[in-house]
Amino acid sequence: MSQFLCVLAVFDQATQRVLEGHQRAVLAEGFTGRQTMGIPFHVTLGTFPTERRAELTEKLQGLEMGPAEVFFNHMGLFEG
């Protein structure tokens, strides 16, 4: 698999705990996947080729996002 860079928005700790509970429930029902376990739940804001690392580092330096409410209206599943 080729490597790439991801820009992520990570959920706060309270939301992490809620999402961990949902994940445990889904796994307990026998659903399996290829998700990477052990990384925080997040929204991927973008993916970029590794050649753009310096540019991304410069643009993202010091960038901070405040709290934002999100609402989930269904359990989305990736194809396959």
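What follows is calculated from the coordinates using simple rules that are stated; it is not laboratory data. Note that the structure is a prediction, hence the values are computed from the model and not measured.
Could you work out how far helix 13-28 tilts from the main Cα principal axis of the chain, as a 0 to 90 degree angle to the nearest 10? So the helix axis and the longest Cα principal axis differ by about 50 degrees.
The value for the chain of Rg(Cα) / (2.2 N^0.38 Å) is 1.31.
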